[in-house]
1. When the residues of region 25-46 are filtered to those that are of a type in the set (Asp, Glu) and in a loop (DSSP other than H, G, I, E, B), which remaining residue is farthest from Ile4 (Cα to Cα)?
2. Between a first residue in region 111-126 that is in contact (Cβ under 8 Å) with a residue 40 or more places away in the chain and a second residue that is of a type in the set (Lys, Arg) and exposed (fewer than 13 other Cβ atoms within 10 Å of the Cβ), which pairs have beta carbons less than 6 Å apart while being 6 or more apart in sequence or on different chains?
3. Among what's in region 219-252 and is in a helix (DSSP H, G or I) and of a type in the set (Lys, Arg), pick the residue that is modelled with the highest pLDDT.
4. Of all residues in region 47-84, count the ones that are in contact (Cβ under 8 Å) with a residue 60 or more places away in the chain and more than 21 Å from Leu179 (Cβ to Cβ).
5. Condition check: in contact (Cβ under 8 Å) with a residue 40 or more places away in the chain and either in contact with a Cys (Cβ under 9 Å, 6 or more places away or on another chain) or of a type in the set (Asp, Glu) (or both). Does Glu91 satisfy that?
6. When you scan region 199-219, how many residues do you find that are among the small types (Gly, Ala, Ser) and in contact with a helix residue (DSSP H, G or I) (Cβ under 9 Å, 6 or more places away or on another chain)?
7. Give the residue, chosen from Thr3, Thr24, Thr58, that is over 25 Å from Ile175 (Cα atoms), out of contact with any strand residue (DSSP E or B) (no Cβ under 7 Å at 6 or more places or on another chain) and of a type in the set (Val, Ile, Thr).
8. Please find, within region 78-96, the residue that is nearest to the chain's Cα centre (by Cα) out of those that are within 20 Å of Gly50 (Cα to Cα) and surrounded by 20 or more Cβ atoms within 10 Å (Cβ to Cβ).
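The values are calculated or read from the model by the stated rules, or taken from the named source; none is laboratory data. Predicted model only: the values in this text are computed from it and were never measured. Positions of Cβ are generated from backbone atoms using ideal geometry, with glycine treated the same way; all protein chains shown enter the neighbour counts.
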Amino acid sequence: MKTIACVNVDLPTIDEIIDYGDDTSLRDYDIIIFEPVIPEYERIEFSGGGSCIGVDGTRDFLRTTSHWARELQDALLAGKTVFVVLSPYEEDRAATGSQMKPQKQRIYTAEKINNYATIPVKVNLRNSRGKKVIVKNPTFKMLHEITKEIMEYRVVFENIDEMQSVFNAKDGASIGGILHSKIWTGHLVFLPYFDFYGDEFTEPTDKVDDAWNEKAIRLSHGLVGQLVAIDRALKGAVEATPLPEWLNKFES
């Protein structure tokens, strides 16, 4: 059985949900699902307007970013499949130090950061949002069929020289694909954005107010099943599996 880890991605049927701030290793897992984020940190507010992440937050972000970049690279070198959920591209300013000037004015030095710094290759993205997703690779058609209710694109690729485009927007812009590299034997797969945050996926119970409901669990089972099938297909084992009978009933 394939072992799956989710980093910053919350799937109802996956127990191994890893927070960005954790130092967890990915060595124990066969498939990784990763969403690039900038966590919330304490901010420094400037008297003239604007703000930046505080020095402690910057230190934590750089540490964890380095950790995940290394872990993702090692996973790909080991022949594993890494699915990246393409969240919106974010930039921020992060303080790296400060000094006290005359009249007790503190001056901060800062650097620009972004949420895609964890990805072990440089990707050129710009934010663009839409629901029309066109699948170009038949291996991914069933994944889209199952997840089309929750899938949309939040970014488009501006440079795809080394990437096989799998998902396109209506105008032909690439919104997801497989990045190939001579460095690793694994597969880096970029997927259009999806999540289970809608109210239609939770219901109150005696213990909690927002437990996953049957719809969320079935949809998650189908999604995870297709990611496993894609992993096998990319490794040449089998073609992507057909839509299960219970999911046919679910779709209806």
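1. Restricting to residues being of a type in the set (Asp, Glu) and in a loop (DSSP other than H, G, I, E, B), the top hit is Glu42.
2. Final answer for the pair search is none.
3. Ranking the qualifying residues of region 219-252, first place goes to Arg232.
4. 1
5. no
6. Total meeting the criteria: 1.
7. Only one candidate passes the filter, namely Thr3.
8. Ala94
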